[in-house]
Amino acid sequence: MDTATQSLVNGDVSFWVQDAGRPTPRPSLPGDIHADVAIVGGGLTGLWTAYYLAHADPSLKIVILEREFAGYGASGRNGGWMSAEPAGQFRRYAAARGADAARALQSRMFDAVRESVEVAHREGFAEGVAKTGLIHVATSAPQLARAREHVRQMKQQGWGEDDVFELSASEVAERVTVDRALGGYWTPHCARVHPAKYTFGLARAVERAGVTIYEKTTATSIAPQLVQTDRGRVRAPIIVRALEGYTLSLDGMPRKLLPMNSSMVITERLSDEQLDAVGWSGGELLGDMAHSFTYTHKTADGRIAIGGRGVPYNFASGFDRNGRTAEFAVELLRARLGELFPTLRDVALEHTWSGVLGVPRDWCAAVNFDRSTGLASAGGYVGHGLSGTNLAARTLRDLILGEPSDLSELPWVGRQSRNWEFEPLRWIGATALYAAYRYADQREYASRSGKTSLVARLADTISGR
Ligand SMILES: Cc1cc2nc3c(=O)[nH]c(=O)nc-3n(C[C@H](O)[C@H](O)[C@H](O)COP(=O)(O)OP(=O)(O)OC[C@H]3O[C@@H](n4cnc5c(N)ncnc54)[C@H](O)[C@@H]3O)c2cc1C
């Protein structure tokens with residue numbers, strides 16, 4: 001192990017949770033209770049759903065049941081990119097419900113970024129929130145071709161220069177000094193957030209609205225009108241499953257959403273000289289166009305956090321050892337940081353952690369409510385959950401309260417994806433997929449043609465991505 005990794009904190013939920021300070025533990029479920037709405041999972045899906053329901057109808061008795069603490073899951077561990085990219089592909093939503101419906105989803109995702117930022121300001125948890133926009137940078141000819149194609153498709157869907165535009169190599173360089181950057185694109189529809197401060201702040205806002213959050217309370221099964229937990233039973237006419245990557249922890253749901261690992265590392269605080277060398281004074285969120293995608297974030301206190309899917313999936317969906325991260329994933333992220341910013345190659349990393357996000361078999365998020373059973377769910381945002389949770393929650397509010405709106409017509413409402421394959425196919429598939437993507441990226445770095453690697457295209461076809 002080199003000197004730069006010797007004092008690396010590994011796991012302990014996430015850097016963000018340590019930095020924000022763990023919230024004071026809340027009481028567990030005291031035994032059997034009744035409620036109007038029981039929400040299982042205290043991440044952003046559960047918290048936003050409670051927030052909007054409580055504000056729409058303050059007379060509702062709403063409870064949240066959370067296995068650890070509110071913000072323990074992906075919501076307190078993510079990359080802090082509050083972007084407007086919908087989970088799933090435009091062509092899939094368009095094929096199912098028409099191009100106008102798919103376009104409406106994109107438009108509502110733009111709104112969701114604005115709304116998520118506005119509520120944070122209104123409710124007093126906007127520390128670390130900044131609407132800085134997002135740059136996707138291309139460092140190979142095929143990546144550049146994909147960036148241009150993305151902008152072309154967005155324009156074809158009717159979005160203008162105010163929503164997305166292409167960047168030349170020199171325009172990227174004006175914003176951030178990325179090694180071998182050939183160009184990319186920019187969009188204003190993205191905010192930078194400190195994930196733990198944001199989620200903890202929302203949890204407090206939810207409590208102010210009259211909702212009770214029970215922590216250290218594990219749901220074991222959900223049935224119409226009944227949540228069974230290790231602390232007692234909750235009877236409620238409306239039950240919301242808001243577990244995303246943890247969905248398989250419930251009885252009967254082992255193959256519904258694949259718990260995909262995403263891992264992150266964060267540097268120590270950088271010196272002024274180190275920060276000058278990378279430019280990046282606008283603090284935009286920064287992504288690449290690689291198949292084995294990495295997401296990068298310059299924090300408000302002058303660190304760089306980078307994340308990606310080093311070990312994307314553990315056999316039999318085994319996961320969440322409190323965020324502990326495999327050495328292999330740390331080394332991949334360290335190498336990627338050095339590729340993007342060679343001057344930071346030897347910088348010390350302070351913390352590494354991992355989390356799980358939920359991936360549906362068709363890679364498209366879904367929001368569901370069945371009035372006949374009272375069962376609702378939302379999730380499968382595939383790495384776009386920060387604003388997706390907000391939109392899903394407002395959609396659930398309208399569905400649950402029986403108030404039809406344009407949200408209840410969005411193409412992710414009522415969407416059902418088939419289950420994932422049995423093991424060992426699931427493990428072989430996910431592991432081989434990301435090995436193929438890494439191989440394809442390496443081939444593309446050497447390519448001058450601009451053509452996406454055949455290996456990556458095959459992997460996309462097989463995985464359904
Ligand atoms: C490392 C990482 C980086 C990411 N980066 C980004 C990003 O930059 N931008 C973006 O938009 N998205 C990102 N995502 C995805 C995003 O964080 C998630 O999609 C989103 O937070 C999901 O919120 P959720 O409330 O549905 O799930 P979670 O936040 O995972 O919440 C689920 C909650 O349920 C609890 N729970 C689990 N089992 C039980 C049980 N049996 N009973 C009761 N409670 C239970 C968990 O403790 C957890 O608190 C990232 C995810 C990860 C892991």
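The values are calculated or read from the model by the stated rules, or taken from the named source; none is laboratory data. Just so it is clear, the model here is predicted, and its values are computed rather than measured. Here the Cβ is made from the backbone with ideal geometry for all residues, glycine too, and neighbour counts use every protein chain on show. What goes into the accessible areas is simple: the full protein's heavy atoms, side chains included, and nothing from ligands, DNA or RNA. Shrake-Rupley method; radii C 1.70, N 1.55, O 1.52, S 1.80 Å.
Annotations for the structure displayed:
- Exceeding the 29 Å Cα-Cα cut-off - candidates LYS61/LYS197; LYS61/LYS131; LYS131/LYS216: LYS61/LYS131; LYS131/LYS216
- Gain on full stretching of the segment that runs from GLU421 to ALA56 - 0.36 nm per residue minus C-alpha separation: 127.4 nm
- Neighbours of ILE238 by Cβ distance under 15 Å: Lys/Arg scored +1, Asp/Glu scored -1, total 0.
- Whole-angstrom gap from the stretch 438-465 to the stretch 35-51, using each part's C-alpha centre: 40
- Of the residues LEU167, ALA223, PRO195, the one whose Cα sits farthest towards the positive end of the charge dipole of the stretch 144-226 is ALA223 (charges of +1 on Lys and Arg Cβ, -1 on Asp and Glu Cβ, taken about the Cα centre).
- Within the chain, helix-based [θ] at 222 nm, where runs of 4 or more DSSP H residues each add -39,500 (n - 2.57), nearest 500: -10500 deg cm²/dmol
- The angle between the Cα long axis of helix 454-463 and the longest principal axis of the Cα atoms of the chain comes to about 0 degrees, rounded to the nearest 10.
- Label separation (ARG233 vs HIS34): 1.4 nm, computed from points 7 Å beyond Cα along the C-beta direction.
- Using the Cβ of ALA205 as centre and a radius below 13 Å, the other residues enclosed give a net charge of +1, where K and R count +1 and D and E count -1.
- Remark: the stretch 293-309, residue by residue, has Karplus-estimated 3J(HN,Hα) of 3, 10, 10, 10, 8, 8, 7, 4, 9, x, 10, 10, 10, 9, x, x, 10 Hz, where x stands for each Gly or Pro and the curve is 6.51 cos²θ - 1.76 cosθ + 1.60 at θ = phi - 60°.
- Sulfur and carbon atoms: percent of accessible area, the chain [1.4 Å]: 52
- For GLN225 and THR431, the FRET efficiency from 1/(1 + (r/R0)^6), where r spans their Cβ atoms and R0 equals 35 Å, is about 0.30.
- Long-range tail of P(r) for the stretch 122-182 (Cα pairs > 17 Å, %): 51
- Sequence-ordered 3J(HN,Hα) estimates for the stretch 191-206 from the Karplus curve with 6.51, -1.76 and 1.60 and θ = phi - 60° stand at 10, 8, 10, 8, x, 6, 4, 5, 5, 5, x, 5, 4, 5, 5, 5 Hz, glycine and proline given as x.
- Calculated FRET value between THR343 and ASP111, using beta carbons and R₀ = 41 Å, to 0.05: 0.60
- Legend: P(r) of the stretch 258-375 from all alpha carbon pair distances, 5 Å bins from 0, whole percents, reading 2, 10, 19, 19, 16, 12, 8, 6, 4, 2, 1, 1, 0.
- Share of alpha-carbon pairs per 20 Å distance bin for the chain, given as whole %: 25, 60, 14, 0
- Percent of beta bridges antiparallel (DSSP, the chain, rounded to nearest 5): 65
- Shape analysis of the stretch 255-312 based on the Cα gyration tensor places the equivalent ellipsoid semi-axes at 27, 12, 9 Å, largest first.
- With R₀ fixed at 45 Å, the C-beta to C-beta distance from ASP162 to LEU458 puts the FRET efficiency at about 0.75.
- Modelled this way, with points 7 Å down the Cα-to-C-beta line, the labels at LYS131 and ARG148 are 3.2 nm from one another.
- Cα-based equivalent ellipsoid, the stretch 8-144: semi-axes from gyration tensor eigenvalues, Å: 31, 23, 16
- Amide H contacts of ASP12 (H built 1.01 Å from N, under 5 Å, at least 5 apart or other chain): ARG324
- Cα long-axis angle, helix 425-445 against the chain (0 to 90 degrees, to the nearest 10): 30
- The distance linking the stretch 316-373 with the stretch 98-115 is 26 Å (Cα centroid to Cα centroid, whole angstrom).
- Approximate spin-label separation SER281-LEU401, in nm, with each point projected 7 Å along Cα-to-Cβ: 4.5
- Taking amide H as placed 1.01 Å from N in the peptide plane, the amide H of VAL359 sits under 5 Å from that of LEU258, MET260, each at least 5 places away or on another chain.
- Computed from backbone phi, the HN-Hα couplings of the stretch 11-23 come to x, 6, 6, 6, 4, 4, 5, 5, 5, 6, x, 5, x Hz, rounded to whole numbers (Karplus: 6.51 cos²θ - 1.76 cosθ + 1.60, θ = phi - 60°; Gly and Pro given as x).
- Cα centre as origin, Lys/Arg/Asp/Glu Cβ charges: the stretch 248-347 dipole, Debye: 500
- Prolate/oblate/rounded label for the stretch 345-465 (Cα gyration tensor, a/c 1.5): prolate
- The chain: angle of helix 141-156 to the longest principal axis, Cα-based, in degrees nearest 10: 50
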